[in-house]
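*Asks:* Before anything else, here's the structure in question.
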Amino acid sequence: MPLQVNLRSIVEFLDIGTLSKQSGVPPSTLRYYEEIGLIQSVGRHGLRRQFDRPVVMQLALISLGKMAGFSLGEIKGMFAKDGSPQLSRPELHLRADALDEQIRGLRRLRDAIRHVADCPAETHMECPKFKRLMAFASRSASHHRQKDRAR
């Protein structure tokens, strides 16, 4: 009698707890990612979701995308139907340019804060650079609120 082997039993799946420990992503987030279609489980073992090993790489890419400032919707578009990465080089260049601008802005902010910390004015409110920094912060907060309302 020929030996029949079930390949699915040979492949080692990760249950949601193991995947969470390996990836550092909480189980609740893994369930959410599955709900919105970022990752897919292959089934269940009892009540616990089971995942293929490539999901570990997908989660690393999702984390990298989030660090780069991509939304989850944008990140979802970076995966093919089979879960393999499908990265748009022009989009990556645009994101890198946006990060460069953010870095320049953060450097200016850092320098202004250092100036205020070392300013010889008797109080911060007497420091012209601190006043400009406060006006900038106010305009920036107003701009962000308007962008949030437009969404």
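*Asks:* For residue 136, are the conditions met, namely being in a helix (DSSP H, G or I), in contact with a His (Cβ under 6 Å, 6 or more places away or on another chain) and either surrounded by 14 or more Cβ atoms within 10 Å (Cβ to Cβ) or modelled with pLDDT of 90 or more (or both)?
*Replies:* When the stated conditions are applied, residue 136 does not pass them.
*Asks:* Within the stretch 95-145, restricting attention to residues that are over 30 Å from residue 74 (Cα atoms) and among the acidic types (Asp, Glu), which residue is nearest to the chain's Cα centre (by Cα)?
*Replies:* 111
*Asks:* Which condition from (1) at pLDDT 90 or above; (2) in a helix (DSSP H, G or I); (3) among the aromatic types (Phe, Trp, Tyr) is the one that residue 130 breaks?
*Replies:* (1)
*Asks:* If you don't mind, another one. Name the residues in the stretch 61-91 that are aliphatic (A, V, I, L, M) and under 14 Å from the mean Cα position of the chain (by Cα), would you?
*Replies:* 61, 62, 64, 67, 68, 72, 75, 78
*Asks:* Are any residues in the stretch 80-110 surrounded by 11 or more Cβ atoms within 10 Å (Cβ to Cβ) and among the charged types (D, E, K, R), and if so, which ones?
*Replies:* Selection gives 91, 95, 108.
*Asks:* Related question: Of the residues 49, 89, 44, which single one is out of contact with any Cys (no Cβ under 7 Å at 6 or more places or on another chain), farther than 26 Å from residue 14 by Cβ and not aromatic (Phe, Trp, Tyr)?
*Replies:* After ruling out the rest, the residue left standing is 89.
*Asks:* How many of the residues making up the stretch 116-133 are surrounded by 14 or more Cβ atoms within 10 Å (Cβ to Cβ) and under 30 Å from residue 67 (Cβ atoms)?
*Replies:* 2
The values are calculated or read from the model by the stated rules, or taken from the named source; none is laboratory data. Quantities reported herein were computed from a predicted structural model and do not represent experimental measurements. Cβ: placed from backbone, ideal geometry, glycine included. Neighbour counts: every protein chain shown.
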